[in-house]
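J.: Here it is, the structure in full.
The values are calculated or read from the model by the stated rules, or taken from the named source; none is laboratory data. The structure presented is a predicted model; accordingly, all values stated were derived computationally and were not measured. Cβ placement follows ideal geometry from the backbone for every residue including glycine, while neighbour counts extend to all protein chains displayed. Heads up: the accessible areas ignore ligands, DNA and RNA and are worked out on the full protein's heavy atoms, side chains in. Shrake-Rupley method; radii C 1.70, N 1.55, O 1.52, S 1.80 Å.
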Amino acid sequence: MDPHEPFLKAIVADRHNDLPRLVYADWLEESADPPNVARAHFIRTQIHLEATDPRSDLHAEMKALEARILDFYLEEWRHELPEPLWYSDALQNVRWRRGFPDDLGPMDENEFHQFGRSALDTIPMTSLHLEDRTWKADFALSPGLRHVSRLKLGPRFDDLMATSFDLPTDTPEPDSTSTDSLLLAPVFTALRHLDLSENMLTDAWVIRFATAFASASFAPTLETLSLSGNFGITDAGANVLATAPGFDRLISLHLRDTSVTPAGVNQLKKRFGSRVR
């Protein structure tokens, strides 16, 4: 058996916990093999970065060390990624966090089904970015999404906009939309950060989302919701967010570059205070 395998399996199985990563780093360093020692330093550096003030000198020093190690070893470590990324320009979009690939970069529908869905089960990913203007995503079909704590859809993930509220009254309601799938899928039990910025969302979408949010699988865990860059959201949408149940757990609500006026922001601040961005 590959001596690394038990450690890697433990990390994948408990990917939100730093302890298995630090145990692996200790084992790597004890080997005294230079590439292993470098990986041990990389894991510890990235874990420490998560808890370091990004404005501090220490953060800048650790970012520089992180970049040097990754530049030197990325060619070797790329083999931990899905094979389609090995020789692709998309390799540069992969984000490494806490010592391992955490976000494979923006994926369209084909890429997600080709390698993204399986990657959720084989590498300790916790972040996912999906962008595809034509994809009607059925999230319930991907149980690996239970690992995702950060989800970004878009920009221009058009199916998010295809709600019955946005259609003429004589148009049949869509059989399935990504909004409904997102809200109804039981798999998002670890989701903490949801980024839906720049998707041309409207007040009607906010109504649909807010009405069902309290029963969504991620309602108990969601900390950050970004709706920035959606100019169709006005004070009417802000008032819905200010009064709908289930949002009190949010640590941060982002509404930059929308059509919400200072009056709408004041309504939100009555509920969220400084948590509104």
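J.: What is the count of Lys pairs in the chain whose alpha carbons sit under 30 Å apart, if the two are 8 or more places apart or on different chains?
T.: Number of lysine pairs found: 6.
J.: Skipping prolines and chain starts, which residues have an amide H placed within reach, meaning under 5 Å, of the one on residue 102, given they are 5 or more residues away or on another chain?
T.: Correct list: 95, 96, 97.
J.: Using Cα pairs under 8 angstrom and six or more residues apart, how large is the relative contact order of the chain, in percent?
T.: Values: 478 pairs, mean separation 30.0, N = 277.
Relative contact order comes out at 11 percent.
J.: Related question: Which value, in debye to the nearest 20, gives the size of the charge dipole of the chain about its Cα centre, when Lys and Arg are +1 and Asp and Glu are -1 at the Cβ?
T.: Details: 28 positive and 42 negative charges, 233 e Å.
That gives a dipole near 1120 debye.
J.: Another one. Kindly give Rg over Rh for region 1-149, based on alpha-carbon atoms, with the Kirkwood expression for the hydrodynamic radius. Walk me through the numbers on the way to the answer.
T.: Working: Rg = 15.9 Å, Rh = 16.3 Å.
Using only Cα positions, Rg/Rh for region 1-149 is 0.98.
J.: Using amide H atoms built 1.01 Å from N in the peptide plane, name the residues 5+ places from residue 108, or on other chains, whose amide H lies under 5 Å from its own.
T.: Residues meeting the amide H criterion: 131.
J.: For labels at residue 1 and residue 266 in the simple 7 Å Cα→Cβ model, what's the distance in nm?
T.: 6.5
J.: Binning every alpha carbon pair distance of the chain at 10 Å from zero, what are the percents per bin?
T.: Cα pair-distance distribution for the chain, in percent: 6, 26, 31, 23, 11, 3, 0, 0.
J.: With +1 on each Lys and Arg Cβ and -1 on each Asp and Glu Cβ, and nothing else charged, work out how big the dipole of region 43-154 is about its Cα centre, in Debye to the nearest 20.
T.: Values: 14 positive and 20 negative charges, 77 e Å.
Magnitude of the dipole: close to 380 debye.
J.: Then there is this: Among 105, 130, 272, flag the residue with its Cα farthest along the positive direction of the charge dipole of the chain, charges on Cβ as +1 for Lys/Arg and -1 for Asp/Glu.
T.: 272
J.: Also, I was wondering about something else. Enter the accessible area per residue of the chain (Å², integer; probe 1.4 Å; all protein chains in place).
T.: Working: 13540 Å² over 277 residues.
The answer is 49 Å² per residue.
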